[in-house]
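To start, the structure itself, in structure tokens.
The values are calculated or read from the model by the stated rules, or taken from the named source; none is laboratory data. Keep in mind the model is a prediction, meaning the values are calculated, not measured. Cβ sites come from the backbone with ideal geometry, for glycine too, and all protein chains shown count toward neighbours. Ligands, DNA and RNA are stripped out before the accessible areas are found, and what is left, the full protein with its side chains, is counted by its heavy atoms. Shrake-Rupley method; radii C 1.70, N 1.55, O 1.52, S 1.80 Å.
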Amino acid sequence: NAGVTQTPKFRILKIGQSMTLQCAQDMNHNYMYWYRQDPGMGLKLIYYSVGAGITDKGEVPNGYNVSRSTTEDFPLRLELAAPSQTSVYFCASRRGQGDNEQFFGPGTRLTVL
Amino acid sequence: KQEVTQIPAALSVPEGENLVLNCSFTDSAIYNLQWFRQDPGKGLTSLLLIQSSQREQTSGRLNASLDKSSGRSTLYIAASQPGDSATYLCAVSSGYALNFGKGTSLLVTP
């Protein structure tokens with residue numbers, strides 16, 4: 001199993017540009033998540049999904065959109081990028097809610113100039 | 001809202017020392033607690049997962065304890081090595097996602 005994969009690893013955007021961060025998992029997990037991590041801070045939840053076709057907002061959803069058309073994929077869309085979105089983005093998955101382990105991808109480092 | 005606090009924020013120890021990292025959380029209604037390791041510029045590696053019904057978990061030189069009633073967990077690292085240098089994150093699951101602390105940055109000097 002590849003686990004949780006993310007692309008790209010690095011990206012530089014100009015203010016106002018848009019992009020999609022890709023995330024895929026091959027563990028047949030129902031739950032998927034997007035977090036962002038700013039320097040010296042813990043991870044904050046952006047969006048999550050409990051299954052294909054179902055998504056919901058987390059703590060910091062403004063400026064982002066998600067979709068979940070398949071169990072495997074959970075892309076994160078940034079519209080009209082702003083400097084405040086400069087961060088490291090992590091995708092994660094787990095089997096379901098409750099007492100099971102959450103697995104993380106390697107992250108995407110995004111800079112908005 | 002679940003708040004997770006980690007103390008200390010940074011720690012520097014000489015190689016060979018035993019050390020304890022602390023994590024506290026405000027809401028004791030949790031499913032589990034995970035300890036992660038993060039190397040600079042890298043992703044998160046899961047170290048230990050403690051279920052809410054458990055008191056501790058061990059993996060090699062690592063031991064994590066959980067006192068749910070008092071809202072505390074500790075990560076004990078025995079005989080520290082320079083390769084243990086990293087940031088250690090505590091995360092609590094009390095619903096659909098994890099709530100993270102800000103981490104403890106550990107430096108183990110030779």
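Restricting attention to segment B:94-106, does a residue exist that is away from chain A (no Cβ under 14 Å) and of a type outside the set (Asp, Glu)? Checked segment B:94-106: at least one residue is away from chain A (no Cβ under 14 Å) and of a type outside the set (Asp, Glu).
Every condition in (1) more than 10 Å from chain B (Cβ to nearest Cβ); (2) in contact (Cβ under 8 Å) with a residue 24 or more places away in the chain; (3) within 15 Å of the chain's Cα centre (by Cα) is met by A:GLN102 except one, and the failing one is (1). Restrict the check to segment B:53-67 and report whether at least one residue is within 14 Å of chain A (Cβ to nearest Cβ) and either closer than 24 Å to A:ILE46 by Cα or exposed (fewer than 13 other Cβ atoms within 10 Å of the Cβ) (or both). Among the residues of segment B:53-67, at least one is within 14 Å of chain A (Cβ to nearest Cβ) and either closer than 24 Å to A:ILE46 by Cα or exposed (fewer than 13 other Cβ atoms within 10 Å of the Cβ) (or both), which makes the answer yes. For segment A:49-81, filtering for residues that are more than 10 Å from chain B (Cβ to nearest Cβ), surrounded by 14 or more Cβ atoms within 10 Å (Cβ to Cβ), farther than 22 Å from B:GLN38 by Cβ and hydrophobic (A, V, I, L, M, F, W, C) leaves 4.
Screening B:PRO14, B:PRO8, B:PRO40 for residues that are more than 14 Å from every other protein chain (Cβ to nearest Cβ) and open to solvent by 10 Å² or more (accessible area, probe 1.4 Å) leaves exactly one candidate, B:PRO14.
Does segment A:9-22 contain at least one residue that is in contact with a Phe, Trp or Tyr (Cβ under 9 Å, 6 or more places away or on another chain) and modelled with pLDDT under 95? Taking every residue of segment A:9-22 in turn, none turns out to be in contact with a Phe, Trp or Tyr (Cβ under 9 Å, 6 or more places away or on another chain) and modelled with pLDDT under 95. Among the strands (runs of 3 or more DSSP E) confined to segment B:25-110, the ones with at least 2 residues that are in contact (Cβ under 8 Å) with a residue 60 or more places away in the chain are located at B:32-38, B:86-93, B:98-100, B:104-109. Of all residues in segment B:26-37, exactly one satisfies the criterion of being open to solvent by 40 Å² or more (accessible area, probe 1.4 Å) and under 15 Å from the mean Cα position of the chain (by Cα), namely B:ARG37. Every test in (1) more than 22 Å from A:VAL112 (Cα to Cα); (2) within 11 Å of chain B (Cβ to nearest Cβ); (3) without any contact (Cβ under 8 Å) to a residue 60 or more places away in the chain is passed by A:MET41 save one, and that test is (1).
Taken together, the residues in segment A:88-99 that are open to solvent by 10 Å² or more (accessible area, probe 1.4 Å), modelled with pLDDT of 95 or more and either part of a loop (DSSP other than H, G, I, E, B) or more than 10 Å from every other protein chain (Cβ to nearest Cβ) (or both) amount to 0.
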